[in-house]
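Contents: one structure, followed by commentary.
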Amino acid sequence: MLLFEISDKFVKIADFSPTFLGGQAINSYKKENIKEGLVSARDIADPKALSEEVKKFLEKNFKVKDKQECAFTLHDERVFTLRLNVPQSKGGKSDSDLINEKVRLFIPQPPSAQVSAHMRIGGNKNNEVQFMAVDKEFFAKYLDFFGSLNLKPALAVSESYAFYTVFAPQIKEGETVLYLNVEEDVADAVILDKIGVLQTFTEPIDGNMITEGLRDVFAFLKERWGRSISRIFIGGEGSASVDNNELAKNLGMEILAADKAIEKYPVKFGSGVVAANKIEMFNLIGLAELSTHKDSINLV
């Protein structure tokens, strides 16, 4: 399976496939810059030109089979990833009907304009639902794009859910943690617990934004969920610009490098990616593990 992340500036691709010794591993990984304007605000603006560029990149770096399965993440700026409390119906209403009633409070679009997926989490006695939705026309461009590459989309999730999959083994029962994904221009504050994603906040990086922005997130979390963050993990390609010691001092909280979460993670790495920057491919690592789950939430 080929794993993709597409941004306004680059495409990242990893190959997750069987190994000679059994099991599966990420056997190759490449990142390539793309021309300006092909993707704008994560929306595919020039599908033909993007397809031509990525096709050349694929042919040069990967052995691609006809109609090979692929998976991709979508940035949370374009996806609603929500935790909902939805009691199981004792009447005639389905889960989908009950969820649609709930999400109208959070999403301005009608359900008919969205592609959505949901799953109950936390066990049979828990009323919590993990919900994901994306604009239907926006999502269709991605499906058409992969079709133009002669690939078959099999899995699509929000970036935050791919991150959750990586951190879940590190999170204790009853604990709420935050993953700060620092990119070039924005930072994502992803709120996680043992069973999924609570919410994601994306803000531009500007001056004291990270410290003050996180304090605002803490206040919202306390008011909305009655929860407090116990630890912060930091990763992303811009994470080197953050002084972890200074941030820990300002927030009075333990700050951990995100690569700690990979140490006991079940995804294997082939010889072709042993030296690769694991933080750079963090969401693809989560996507690889998700692709092995038959019951994973999935927008495709």
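The values are calculated or read from the model by the stated rules, or taken from the named source; none is laboratory data. Bear in mind that the values here come from a model prediction, so they are computed numbers and not experimental data. For neighbour counting, all protein chains shown are included, and Cβ atoms are generated from backbone atoms with ideal geometry for every residue, glycine included. Calculation scope for accessible area: heavy atoms of the full protein, side chains included, ligands and nucleic acids excluded. Shrake-Rupley method; radii C 1.70, N 1.55, O 1.52, S 1.80 Å.
Where the alpha-carbon atoms of region 76-227 are placed on the principal axes, they occupy 45, 45, 31 Å, in descending order. In the context of the full set of protein chains, residues of region 228-279 present 55 Å² of accessible surface per residue (probe radius 1.4 Å, heavy atoms only). Across q = 0.12, 0.15, 0.16 Å⁻¹, region 1-85 modelled as identical point scatterers on its alpha-carbon atoms has Debye log10 I(q)/I(0) values of -0.43, -0.64, -0.71, in the order of the q list. Here the Karplus curve 6.51 cos²θ - 1.76 cosθ + 1.60, taken at θ = phi - 60°, turns the phi angles of region 273-284 into couplings of 10, 4, 8, 5, 6, 5, 5, 5, 10, 4, 5, 6 Hz, with x standing for Gly and Pro.
To check you understand DSSP bridge types, tell me what percent of the beta bridges within the chain (both residues inside) are antiparallel, rounded to 5. Could the numbers behind the result be given before it?
Values: 45 of 66 bridges.
If we restrict to bridges inside the chain, about 70 percent are antiparallel.
Built from the Cα atoms of region 35-100, the convex hull projects on average onto 7.8 nm², one quarter of its surface area. Per the Kirkwood formula applied to alpha carbons, region 222-300 shows a radius of gyration over Rh ratio, Rg over Rh, of 1.05. Taking amide H as placed 1.01 Å from N in the peptide plane, the amide H of SER28 sits under 5 Å from that of ASP15, each at least 5 places away or on another chain.
Between ASN250 and GLU223, what is the FRET efficiency for a Förster distance of 25 Å, r being their Cβ-Cβ separation, to the nearest 0.05?
Values: r = 21 Å, r/R0 = 0.84.
Step by step, r from the Cβ atoms, then E = 0.75.
Spatially, region 217-252 and region 256-291 are offset by 22 Å when compared through their Cα centroids. DSSP bridge analysis restricted to region 133-274 gives an antiparallel fraction near 60%, rounded to the nearest 5.
The amide H of LEU74, built 1.01 Å from its N in the peptide plane, has VAL157, SER158, GLU159 as neighbours under 5 Å, considering only residues 5 or more places off or on other chains.
Whole-Hz Karplus values for region 134-144 come out as 9, 4, 5, 5, 4, 5, 4, 5, 5, 4, 5 Hz, taken residue by residue from phi with 6.51 cos²θ - 1.76 cosθ + 1.60 and θ = phi - 60°; glycine and proline positions read x. Of ILE13, ILE107, ILE255, the residue with the greatest mean-square motion in the GNM of the chain, using alpha carbon springs below 10 Å, is ILE107.
Entry note, the chain: the mean residue ellipticity at 222 nm calculated from DSSP H runs of n ≥ 4, each adding -39500 (n - 2.57), is -8000 deg cm²/dmol after division by the residues and rounding to the nearest 500. Its Cα gyration tensor gives the chain an equivalent ellipsoid. The semi-axes, each the square root of 5 times an eigenvalue, are 29, 25, 20 Å from largest down.
Mind giving me the FRET efficiency for LYS264 and GLU183? R0 is 22 Å, r the Cβ-Cβ distance, nearest 0.05 is fine. The partial results should precede the final answer.
Numbers: r = 26 Å, r/R0 = 1.17.
It comes out at approximately 0.30.
Split the accessible area of the chain by element, probe 1.4 Å, and carbon with sulfur accounts for 48%. Inter-label distance, MET119 to ASP43: 3.0 nm, where each label sits 7 Å from its Cα along the C-beta direction.
Provide the packing ranking of 212-224, 187-199, i.e. peptides ordered by the mean count of other C-beta atoms within 10 Å per residue, highest first. Intermediate results must be reported in sequence, preceding the final value.
Details: 212-224: 14.8, 187-199: 22.5.
Those peptides, ordered most packed to least, come out 187-199, 212-224.
Working note: Cα atoms of region 168-270, range along each principal axis, descending, whole Å: 39, 31, 23.
Summing charges over all other residues whose Cβ lies under 13 Å from the Cβ of GLY23, with Lys and Arg as +1 and Asp and Glu as -1, gives 0.
Positive contributions from Lys and Arg (+1) and negative ones from Asp and Glu (-1), summed over other residues with Cβ under 12 Å from the Cβ of LEU98, come out at +2.
Legend: residue pairs LYS31/LYS55; LYS93/LYS141; LYS9/LYS30; LYS125/LYS194, Cα-Cα distance threshold 22 Å; pairs beyond threshold, LYS93/LYS141.
Students often check this: by mean Cβ neighbours within 10 Å, which of 20-28, 115-123 ranks highest, and how do the rest follow? Don't skip to the end; give the middle numbers.
Values: 20-28: 14.0, 115-123: 15.9.
Going from most to least packed, we get 115-123, 20-28.
At full extension, ASP97 and PHE62 could sit 8.3 nm farther apart than now, given 0.36 nm per residue minus the alpha carbon distance.
For GLY236, the amide hydrogen comes within under 5 Å of the amide hydrogens of VAL182, counting only partners 5 or more places away or on other chains and with H modelled in the peptide plane.
What is the extension gain from ASP144 to ALA276, computed as 0.36 nm multiplied by their sequence separation minus the C-alpha to C-alpha distance, in nm to one decimal?
So the extension gain works out to 44.5 nm.
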